[in-house]
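The structure appears below as structure tokens.
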Amino acid sequence: MRRLSFFLIVLSLFAAGVSAQYLGQMSPASILEANTGKAGAYFSTGDEAFAVVGSVRYAFGNYTEGRFRLGLIDEDGSNTDPHIIVGIDGKYSLWKYGGSAGTGSSGTYNNPLDLALGFGFEFAQLEWSTDLGLGGSVIGSIPIISGTTLPSSRTPG
């Protein structure tokens, strides 16, 4: 079990290369409480573009969470109009921080971080192209201040 734990931790540290074209933002590995949801909005800036996005998260159980995002992106330049971007993603929780990870020769040990598998799809209709994205990620995070977490990977978008 310790070898698997070490392998998953190392794998999560190298998972930052996940492509997240327009909707990708940092997201912790922790899952909301079962049958609860959250809504929010954020903005994103990038190379010659600005986006405003709304997001709705919902936990389908103790281990699975889904999210739907809808927004507008406006590319810089003359004669450009805002366009729609849509994203759907989810997470499956593998570990909960501090939860029992099993027993070893030195007794019971706890999980060193929250760990989840992520997947996602995004669609963007831009001025000059239509972009589709599909991806997956390993997400690891550790609570740092009363429920706030610092993610170590991005979810796909």
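The values are calculated or read from the model by the stated rules, or taken from the named source; none is laboratory data. These numbers were taken from a predicted model, which means no experiment stands behind them. With ideal geometry, Cβ positions are generated from the backbone for all residues, glycine too; neighbour counts draw on all protein chains shown.
Comparison of G135, G71 shows that the only residue that is outside any loop (DSSP other than H, G, I, E, B), in contact with a Pro (Cβ under 6 Å, 6 or more places away or on another chain) and at pLDDT 75 or above is G135.
Taking residues in the range 52-77 that are within 23 Å of A34 (Cβ to Cβ), and partners anywhere that are surrounded by fewer than 14 Cβ atoms within 10 Å (Cβ to Cβ) and acidic (D, E), the pairs with Cβ atoms closer than 8 Å and at least 6 places apart or on different chains are A59/E33. Can S44 be described as surrounded by 12 or more Cβ atoms within 10 Å (Cβ to Cβ), modelled with pLDDT under 80, of a type in the set (G, A, S) and not in a strand (DSSP E or B)? For S44, the condition - surrounded by 12 or more Cβ atoms within 10 Å (Cβ to Cβ), modelled with pLDDT under 80, of a type in the set (G, A, S) and not in a strand (DSSP E or B) - is not met.
Okay, residues lined up against (1) out of contact with any helix residue (DSSP H, G or I) (no Cβ under 6 Å at 6 or more places or on another chain); (2) within 17 Å of E122 (Cβ to Cβ); (3) at pLDDT 90 or above:
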residue: A59; (1), (2), (3): yes, no, yes
residue: G66; (1), (2), (3): yes, yes, yes
residue: D76; (1), (2), (3): yes, no, no
residue: N79; (1), (2), (3): yes, no, no
residue: H83; (1), (2), (3): yes, yes, no
residue: V86; (1), (2), (3): yes, yes, yes
residue: K91; (1), (2), (3): yes, yes, yes
residue: W95; (1), (2), (3): yes, no, no
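For E33, the criteria (1) closer than 20 Å to L117 by Cβ; (2) buried (at least 17 other Cβ atoms within 10 Å of the Cβ) hold in every case but one, which is (2).
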